[in-house]
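First comes the structure, then the notes that go with it.
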Amino acid sequence: MTGDNRMNILLPMLGMITLSGLMIATLFFSRAPSIIKHWGNLQHAKHSDNLRPNLPDRMRYITDNHNHLFEQPTLFYAIVIYIYLVKNADDLHIQLAWGYVILRVLHSVIHLTTNNVSWRAVIFIMSGFCLLAMITRELIAVL
């Protein structure tokens, strides 16, 4: 794919960046009242291992989801940039990239609402297949 069409592979990356930004905002707004309330007396929270067991489940879900968005998706960003740089952005890559983003959004919604681990696992595996398919296609192109 050449020209402006090649840019389409970057749009799903913007989608993931947007999801991550929304989670940062959610984390901020969920924590800000407590930070303000306990201002000057926050030393007990200097290590997340000490703080996490004392958080309500909903707050832990927000924290966990935020952290998850800075784990596997980093590989997504890398492969999308790679595909863009080597000019291999075709329709299938773009569909897989959007599939990954949509599945990660679903994963976040499930995580922040019902936190049904069975459904989260299925969605996580499906998103992983999208990511692995993109990586595999690029490995085959190199060989």
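Have a look at Met59, Met7 and point out the one that is surrounded by fewer than 17 Cβ atoms within 10 Å (Cβ to Cβ), part of a helix (DSSP H, G or I), at pLDDT below 95 and under 20 Å from the mean Cα position of the chain (by Cα).
Criteria check complete, one pass: Met59.
Evaluate the following for Met13: is it surrounded by 12 or more Cβ atoms within 10 Å (Cβ to Cβ), at negative phi and at pLDDT 70 or above?
yes
From the list Ala97, Ala121, exactly one residue is assigned to a helix (DSSP H, G or I) and surrounded by 13 or more Cβ atoms within 10 Å (Cβ to Cβ). Which is it?
Within the list Ala97, Ala121, the selection yields Ala97.
Being at pLDDT 95 or above and out of contact with any strand residue (DSSP E or B) (no Cβ under 8 Å at 6 or more places or on another chain) is true for just one of Leu103, Leu27. Which residue is that?
Leu103
Inside region 124-143, can you point out the residues that are of a type outside the set (Gly, Ala, Ser), farther than 17 Å from Leu75 by Cα and part of a helix (DSSP H, G or I)?
Ile140, Val142
Going by the structure shown, is Tyr82 assigned to a helix (DSSP H, G or I), among the aromatic types (Phe, Trp, Tyr), within 28 Å of Ser34 (Cα to Cα) and in contact (Cβ under 8 Å) with a residue 24 or more places away in the chain?
no
The values are calculated or read from the model by the stated rules, or taken from the named source; none is laboratory data. Bear in mind the structure is a predicted one, so any value in this text is a computation, not a measurement. So basically every Cβ, Gly included, is an ideal-geometry build from the backbone, and we count neighbours across all protein chains shown.
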